[in-house]
Amino acid sequence: MQPAGLHVLDEIGAGDRIRALGAVIERLFGRVTPSQSVVLDVRYDAFGRDAPTGVAVHRGALFQVLYDAAREAGAEIVAGREIVGASDGRFAFATGEQSPRFDLLIDALGVRSPLSEAPKANLPYGALWASLDWQAGFDPHALEQRYEAARKMAGVLPIGTLPGKQNQQAAFFWSLRGKDEAAWRAASIDAWKSQVLALWPETHGFLDQIERHDDLVFARYAHRTCASPLSQHVVHAGDSWHCTSPQLGQGANMALLDALALATALGSQSNLDAALGEYERMRLWHIRLYQTASFLFTPAYQSESTLIAGLRDWLMSPLSRVPPAPQILAGLVAGAWGSPLNALASVKRR
Ligand SMILES: Cc1cc2nc3c(=O)[nH]c(=O)nc-3n(C[C@H](O)[C@H](O)[C@H](O)COP(=O)(O)OP(=O)(O)OC[C@H]3O[C@@H](n4cnc5c(N)ncnc54)[C@H](O)[C@@H]3O)c2cc1C
């Protein structure tokens, strides 16, 4: 969660609950092997010592906090329904039943939403992910990564605790091409662990917690930006409107900003069409900016290209330390490029 997304959670009274569960992230840090040179070093405090930081949370913690906030706000939640279509103000369910009729249907069904345009293709690289018990020796306030060119990448992100639990956890991830998933499954898990240890020996405490392939989830990434959030029957929010690789860590942030923008637009206009137009205007440029940045940055960390990895190491990395680059990069990571909150505030003030 970046500061912009935390602001949205504060607006619905859920920010402190997330902060209590999550881990404060002050820095994004990465070294390339074998040189061990630092090629990623973004610090939130490039804006000053009191600059807001990120907070990393388990996906389940974010879900629970949002679920509780929705219930407390009076939302009626009907679970266990698979949506397969929408028309005339009603959702169509896989069972053949339909929902009651609503004035507005909001599609927040994520990257594979059946109500949105399908992404043209998955990105070549995805990643193996696991939530594991935290290990001493790692920075509890940093996302740390190790790379070999851009072909290999391992990462450790502290993610705090799940609601009702005490143990501190980390998200551990390993970059993997979609077309290599079957070969990874066919090989022994120890062969894979040897590769990870060769890149980052200190991760042995995390790897000891992984016994079989199914202890890891393979996440495929896709990139899509629908030209508009408005389809014939629904309004899209979050990944169903725009999805990308998680390299910049913005997806949850963007989904929350969409939700706040939609609520703000609906609250500021009595005409539904005018409100939806306002929603699109508030979000469009921020989304385009971040979708473009993510599209451009992703190959620097996940690609076959030796040239792009070389440019990252020999050009981008040294330049990123020359002012004002540290502030610009901190703003990018914080979700602040394009001032998304100003766009919302200007509508609220009217
Ligand atoms: C591996 C990985 C790592 C990521 N890391 C980060 C990160 O560090 N920071 C960040 O900000 N973002 C990250 N993201 C992106 C982030 O998870 C998404 O951008 C964000 O969850 C989008 O929110 P959403 O509400 O639009 O969709 P989702 O969170 O995907 O929610 C969609 C919901 O709809 C439900 N659903 C889907 N289809 C149907 C259906 N047909 N019927 C009924 N229900 C349905 C799903 O079960 C789910 O509950 C990551 C994504 C991945 C895959």
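The values are calculated or read from the model by the stated rules, or taken from the named source; none is laboratory data. Since the model is a prediction, treat every value here as computed from it, not as a measurement. Positions of Cβ are backbone-derived with ideal geometry, glycine not excepted, and every protein chain shown enters the neighbour counts.
Residues to consider are GLY178, GLY155; find the one that is within 30 Å of GLU82 (Cβ to Cβ) and within 16 Å of the ligand (Cβ to nearest atom).
Details: GLY155 fails: within 30 Å of GLU82 (Cβ to Cβ).
Sole residue among the options that is within 30 Å of GLU82 (Cβ to Cβ) and within 16 Å of the ligand (Cβ to nearest atom): GLY178.
Kindly indicate the residue of segment 225-249 that is touching a Leu at 6+ places or on another chain (Cβ under 9 Å), touching a residue at least 60 places away in the same chain (Cβ under 8 Å) and within 12 Å of the ligand (Cβ to nearest atom) and also farthest from GLY89 (Cα to Cα) among those meeting that condition.
LEU248
Out of LEU256, LEU262, LEU276, which single residue is part of a helix (DSSP H, G or I), more than 29 Å from LEU176 (Cβ to Cβ) and within 13 Å of the ligand (Cβ to nearest atom)?
On the way: LEU256 fails: more than 29 Å from LEU176 (Cβ to Cβ); LEU276 fails: within 13 Å of the ligand (Cβ to nearest atom).
After applying the criteria, what remains is LEU262.
In segment 284-335, what residues are touching a Pro at 6+ places or on another chain (Cβ under 7 Å) and hydrophobic (A, V, I, L, M, F, W, C)?
Passing the criteria: ILE308, ALA334.
Can you find a residue that is polar (S, T, N, Q), under 23 Å from LEU176 (Cα atoms) and within 14 Å of the ligand (Cβ to nearest atom) anywhere in segment 103-122? Break it down stepwise before answering.
Step one: list which residues in segment 103-122 are polar (S, T, N, Q), which gives 113, 116, 122.
Retained after the next criterion (residues that are under 23 Å from LEU176 (Cα atoms)): 122.
Restricting the remaining residues to those that are within 14 Å of the ligand (Cβ to nearest atom) gives 122.
Checked against the condition, which is being polar (S, T, N, Q), under 23 Å from LEU176 (Cα atoms) and within 14 Å of the ligand (Cβ to nearest atom), segment 103-122 yields at least one hit.
Give me the residue from segment 123-148 that is in a strand (DSSP E or B) and away from the ligand (no atom under 14 Å from the Cβ) and, out of that set, nearest to ILE210 (Cα to Cα). Outline the logic, then answer.
Pass one, segment 123-148, residues in a strand (DSSP E or B): 125-133, 142-148.
Cutting the leftovers down to away from the ligand (no atom under 14 Å from the Cβ) gives us 132-133, 146-148.
Working: LEU132: 9, ASP133: 11, ARG146: 19, TYR147: 21, GLU148: 22 Å.
Here the residue is LEU132.
It is to be established whether one or more residues within segment 178-195 are in contact (Cβ under 8 Å) with a residue 12 or more places away in the chain, within 30 Å of HIS286 (Cβ to Cβ) and surrounded by fewer than 17 Cβ atoms within 10 Å (Cβ to Cβ).
The answer is yes, given that some residue of segment 178-195 is in contact (Cβ under 8 Å) with a residue 12 or more places away in the chain, within 30 Å of HIS286 (Cβ to Cβ) and surrounded by fewer than 17 Cβ atoms within 10 Å (Cβ to Cβ).
Out of segment 268-306, which residues are within 23 Å of the chain's Cα centre (by Cα) and polar (S, T, N, Q)?
GLN291, THR292, SER294, THR298, GLN302, SER303
Residues of segment 77-102 being part of a strand (DSSP E or B) and within 11 Å of the ligand (Cβ to nearest atom), which ones? Show your work before the answer.
Start the filter on segment 77-102 by keeping residues that are part of a strand (DSSP E or B), which leaves 83-87, 90-93, 98.
Listed by number, the residues that qualify are ILE83, VAL84, GLY85, ALA86, PHE91, ALA92, PHE93.
Take the residues in segment 195-248 that are of a type in the set (Asp, Glu) and assigned to a loop (DSSP other than H, G, I, E, B); name whichever of them is nearest to SER35 (Cα to Cα). Write out each step before concluding.
Taking segment 195-248 and keeping what is of a type in the set (Asp, Glu), we get 202, 208, 211, 214-215, 239.
Next, only the ones that are assigned to a loop (DSSP other than H, G, I, E, B) stay: 208, 211.
Details: ASP208: 26, GLU211: 30 Å.
Filtering first and then ranking leaves ASP208.
Determine which member of the set ASP107, ASP68, ASP88, ASP103 is buried (at least 18 other Cβ atoms within 10 Å of the Cβ), of a type in the set (D, E, K, R) and in contact (Cβ under 8 Å) with a residue 40 or more places away in the chain. Don't jump to the end; show me each part of the working.
Values: ASP68 fails: buried (at least 18 other Cβ atoms within 10 Å of the Cβ); ASP88 fails: buried (at least 18 other Cβ atoms within 10 Å of the Cβ); ASP103 fails: buried (at least 18 other Cβ atoms within 10 Å of the Cβ).
It is ASP107.
In contact (Cβ under 8 Å) with a residue 24 or more places away in the chain, under 19 Å from GLY5 (Cβ atoms) and more than 14 Å from the ligand (Cβ to nearest atom): does that describe ALA23? Full working, then the answer.
Values: in contact (Cβ under 8 Å) with a residue 24 or more places away in the chain: yes; under 19 Å from GLY5 (Cβ atoms): yes; more than 14 Å from the ligand (Cβ to nearest atom): no.
The answer is no for ALA23.
Listed here are the residues, each with its yes/no results for (1) more than 26 Å from HIS286 (Cα to Cα); (2) surrounded by fewer than 21 Cβ atoms within 10 Å (Cβ to Cβ); (3) modelled with pLDDT of 95 or more.
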residue	(1), (2), (3)
VAL8	no, no, yes
ARG19	no, yes, yes
VAL24	no, yes, yes
LEU28	no, no, yes
VAL32	yes, no, yes
GLY48	no, yes, no
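Quick one: what pairs do we get from segment 291-306, first residue in contact (Cβ under 8 Å) with a residue 40 or more places away in the chain and within 19 Å of LEU176 (Cβ to Cβ), second of a type in the set (Gly, Ala, Ser) and in a helix (DSSP H, G or I), C-beta under 8 Å, 6+ apart or different chains?
ALA300/ALA309; SER303/ALA309
Looking at GLN291, is it assigned to a helix (DSSP H, G or I), within 12 Å of the ligand (Cβ to nearest atom), of a type outside the set (Gly, Ala, Ser) and over 22 Å from ALA343 (Cβ atoms)? Let's see the steps before the verdict.
Values: assigned to a helix (DSSP H, G or I): yes; within 12 Å of the ligand (Cβ to nearest atom): yes; of a type outside the set (Gly, Ala, Ser): yes; over 22 Å from ALA343 (Cβ atoms): no.
Judged against the criteria, GLN291 is not a match.
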